Amino acid sequence: MSIQEICRVADCTRLGEGLYSITMHAPAICEKTQVGQFVHIACGEGNLLRRPISICDWQDGKLRIVFQVKGEGTKWLAARKEGDELDVLGPLGHGFDTKALGDKPIFIGGGIGVPPMLACVKKAVGEGAQPRAVLGFRNKDAVILEDDFKAVCEAFVTTDDGSYARHGFVTDVLKEIVADTTGVAACGPKPMLKAIAAIADAAGLPCQVSMEERMGCGIGACLVCACALKAENGETRYGHVCKDGPVFDAKEVAW
Amino acid sequence: MADLRVNFCGVELKNPITTASGTFGFGHEYGEFFDLSLLGGVGVKGLTPTERLGNPAPRIAETPAGILNCVGLQNPGIDRFIEEQIPFLRQYDTAIIANVSGNTVEEYEGMVEKISDADVDLIEMNISCPNVKCGGMAFGTRPDMVEEVVSAAKKKAKKPLIVKLSPNVTDITEIARAAEAAGADALSLINTLLGMRINIETRKPILSNIMGGLSGPAVFPVAVRMVYQVRKAVSVPILGMGGIRTGKDIVEMLLAGADAVAMGTVMFADPMAPVKALRELEDWMDAHGVKSVSELSGAVEV
Ligand SMILES: Cc1cc2nc3c(=O)[nH]c(=O)nc-3n(C[C@H](O)[C@H](O)[C@H](O)COP(=O)(O)OP(=O)(O)OC[C@H]3O[C@@H](n4cnc5c(N)ncnc54)[C@H](O)[C@@H]3O)c2cc1C
Ligand SMILES: Cc1cc2nc3c(=O)[nH]c(=O)nc-3n(C[C@H](O)[C@H](O)[C@H](O)COP(=O)(O)O)c2cc1C
Ligand code: FES
């Protein structure tokens, strides 16, 4: 059940070059939120379509999103100030099932795919699991939320160019620790998700991935956010990222 | 209080507001935001004889005040619609407008025949989809073909048949006349305008299907113009659509010649748009002493 809520911005903080964190008062949405779901935010008069942004975390009726400025919509969002109102639909989509990942799950985020993994890790901790996080970034300037993760679990950070922490990709870390894990969840660029799904599959582990697609309605009515899935007969069928996803079982995705 | 009821080719709609096919699924999703019984009618996703998978992503590109889409008629097929969706929609006090598309004259005949026996109120025949290879728009852009497919379908129709017109033609009145002559009980317009966007960095089209249909506020003036032209050319009722956002837009579309309207893309921006527009329409009519919707239809003064 999704709702439309007018949310007052509690805080808008710049985390780095083009990277922002907004916390907003969203008591009604928070009440229903599950990890891995997203909100669909109206971004000013000039942009007809809303912008889908993952829910990073929520607490006491306040919802947090972390996003990167890409174009006009996210630029408008980044300019919000405390007290401004946002027109938000949420919580939307089908999120992560942390329980299905066992007691030693790994949560992997790539770039702007890192934020939604934070609430996942917290939830897994709350469920008595011992989660670990692997966070990959392009370079030092792109690193976000490292402290937030390290406050709740063991977290490995990688950068593609080696300018910070470990030089390499999240998949390098995953390969090393996969033997000692019970399940994998990931959000990030599609090639990264595909590589992670292959590693998890080879290790016989459950793997859930959060996919991205351009959206219209955000609620499952317009069918524009198609994600190619494997049909039972071996052919391709299209699921919808906003309703069937954004989180899919990696085995279902037609990579 | 203004009387919002509309008699649309024999079917009583409680108000002139319906939803545009393909933007509203089968009603479940928006039904979480408002009571579907508030609507005059629900236009459902375009149906085909068997399930269609649709086109690969990306299926949408945003444009100033509009969107391009190339969904490609993804739908579960007419049989599953009849079995699974009609019972759901019938829980609400609103007219059901089934929307059908085919690749051949025979397919249109078969669809219209089948849906006529199902519990729907109106049949909208889409001869204007820009996103499928054969059929669709190919039928809707030539008067001789319009006449052939509409007269064949009309013979099978046991419910009022609305023919949905494509704006991608030189003279829409020619097409409208052909549809009326072939027995259309009503016309709906406009479907989307063929458009295209290119990603300048990759030099590739944004949409998987290269081209797609433009809808949303950007097309509103085109839709108003076409409804106005068609109103002068035919006497059957018109379901006006294309870019409607507000109650005032509805008044404008009615003045141009529509008898009822459909709202689509605007809901992606605001799911409550049809409900807000309904209130605005009612307020506007009361404020202007307009007693019934039919007083407005075609009342533009030129
Ligand atoms: C389920 C989901 C969750 C997301 N979560 C986050 C998040 O937590 N943080 C974050 O920074 N970004 C996230 N994104 C990506 C974010 O939606 C886009 O970066 C944003 O829509 C870009 O809008 P814009 O106007 O700034 O850019 P423009 O490029 O100007 O946008 C043009 C159009 O394309 C769409 N679009 C462009 N890029 C994307 C994209 N990657 N995915 C979907 N639509 C796109 C826009 O919505 C808009 O309609 C998420 C996307 C999805 C689908
Ligand atoms: C995503 C999308 C899907 C559509 N699918 C259909 C369809 O299946 N059948 C049809 O007749 N029209 C379809 N249309 C066209 C709409 O019904 C309508 O004619 C058009 O969008 C103009 O109205 P609007 O600007 O209010 O959206 C679709 C439009 C959109 C945006
Ligand atoms: S965005 Fe409309 S169905 Fe997913």
Could you list, in sequence order, all residues of the range A:216-249 that are closer than 16 Å to A:D97 by Cα and either away from ligand 1 (no atom under 16 Å from the Cβ) or in contact with a Leu (Cβ under 6 Å, 6 or more places away or on another chain) (or both)?
-> A:D249
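Any idea which of B:L281, B:L296, B:L255, B:L214 is in contact with a helix residue (DSSP H, G or I) (Cβ under 8 Å, 6 or more places away or on another chain) and open to solvent by 20 Å² or more (accessible area, probe 1.4 Å)? Break it down into steps so the answer makes sense when it comes.
Details: B:L281 fails: open to solvent by 20 Å² or more (accessible area, probe 1.4 Å); B:L296 fails: open to solvent by 20 Å² or more (accessible area, probe 1.4 Å); B:L214 fails: in contact with a helix residue (DSSP H, G or I) (Cβ under 8 Å, 6 or more places away or on another chain).
Only one candidate qualifies: B:L255.
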Looking at A:E5, A:E45, which is the one that is modelled with pLDDT under 95 and over 18 Å from the mean Cα position of the chain (by Cα)?
-> A:E45
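Rundown of residues vs (1) among the aliphatic types (A, V, I, L, M); (2) touching a residue at least 12 places away in the same chain (Cβ under 8 Å); (3) away from every other protein chain (no Cβ under 14 Å); (4) farther than 20 Å from A:C120 by Cβ, yes/no style:
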residue	(1), (2), (3), (4)
A:G168	no, no, yes, yes
A:T171	no, yes, yes, no
A:G183	no, yes, yes, no
A:G188	no, yes, yes, no
A:L193	yes, yes, yes, no
A:G204	no, no, yes, yes
A:E212	no, yes, no, no
Which ones in the range A:193-215 are within 15 Å of ligand 1 (Cβ to nearest atom) and open to solvent by 30 Å² or more (accessible area, probe 1.4 Å)?
-> A:E212, A:E213, A:R214
Note on B:E148: of the conditions (1) over 27 Å from B:K14 (Cα atoms); (2) not in a helix (DSSP H, G or I); (3) not aromatic (F, W, Y), unmet is (2)
What number of residues in the range A:1-35 are of a type in the set (V, I, T), more than 14 Å from chain B (Cβ to nearest Cβ) and either over 22 Å from A:T74 (Cβ atoms) or surrounded by 16 or more Cβ atoms within 10 Å (Cβ to Cβ) (or both)?
-> 5
B:M272 fails exactly one of (1) more than 26 Å from B:E32 (Cα to Cα); (2) in contact with a strand residue (DSSP E or B) (Cβ under 8 Å, 6 or more places away or on another chain), namely (1)
Hits in the range B:158-177 - residues which are touching a residue at least 12 places away in the same chain (Cβ under 8 Å), surrounded by fewer than 21 Cβ atoms within 10 Å (Cβ to Cβ), farther than 14 Å from B:G10 by Cα and not charged (D, E, K, R) | B:N168, B:V169, B:T173
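Is it the case that B:M145 is under 18 Å from B:S166 (Cα atoms), in contact with a Pro (Cβ under 8 Å, 6 or more places away or on another chain) and modelled with pLDDT under 95?
Taking the combined requirement at face value, the residue does not satisfy it.
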Exactly one of B:L4, B:L13 is open to solvent by 10 Å² or more (accessible area, probe 1.4 Å), away from chain A (no Cβ under 13 Å) and either within 21 Å of B:A273 (Cβ to Cβ) or at pLDDT 95 or above (or both), and that residue is B:L4
Within the range A:229-250, how many residues turn out to be modelled with pLDDT under 95, surrounded by fewer than 18 Cβ atoms within 10 Å (Cβ to Cβ) and touching a strand residue (DSSP E or B) at 6+ places or on another chain (Cβ under 9 Å)?
-> 3
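Among the residues of the range B:212-251, count how many are charged (D, E, K, R) and closer than 19 Å to B:G66 by Cα.
4
Quick one: would you say B:G240 is open to solvent by less than 10 Å² (accessible area, probe 1.4 Å) and in contact with a helix residue (DSSP H, G or I) (Cβ under 7 Å, 6 or more places away or on another chain)?
Answer is yes for this residue.
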In the range A:30-47, is there at least one residue being touching an Asp or Glu at 6+ places or on another chain (Cβ under 8 Å) and β-branched (V, I, T)?
-> yes
Could you identify the single residue in B:D93, B:D79 that is more than 9 Å from chain A (Cβ to nearest Cβ), touching a residue at least 40 places away in the same chain (Cβ under 8 Å) and open to solvent by 30 Å² or more (accessible area, probe 1.4 Å)?
-> B:D93
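Among the residues of the range B:146-202, what is the count of those that are touching a Cys at 6+ places or on another chain (Cβ under 6 Å) and not hydrophobic (A, V, I, L, M, F, W, C)?
The qualifying residues number 2.
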State all residues of the range A:75-95 that are open to solvent by less than 20 Å² (accessible area, probe 1.4 Å) and over 18 Å from A:G36 (Cα atoms); if no residue qualifies, say none.
-> A:L77, A:A78, A:L86
1 or more residues within 15 Å of the chain's Cα centre (by Cα) and within 14 Å of chain A (Cβ to nearest Cβ): qualifying helices (runs of 4 or more DSSP H) within the range B:229-302 = B:266-269, B:273-287
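The values are calculated or read from the model by the stated rules, or taken from the named source; none is laboratory data. Just so you know, these numbers come straight off a predicted model, no measurement behind them. FYI the Cβ positions are ideal-geometry reconstructions off the backbone, even for glycines, and counts take in every protein chain you see. The accessibility values were calculated without ligands, DNA or RNA, using every heavy atom of the protein model including side chains. Shrake-Rupley method; radii C 1.70, N 1.55, O 1.52, S 1.80 Å.
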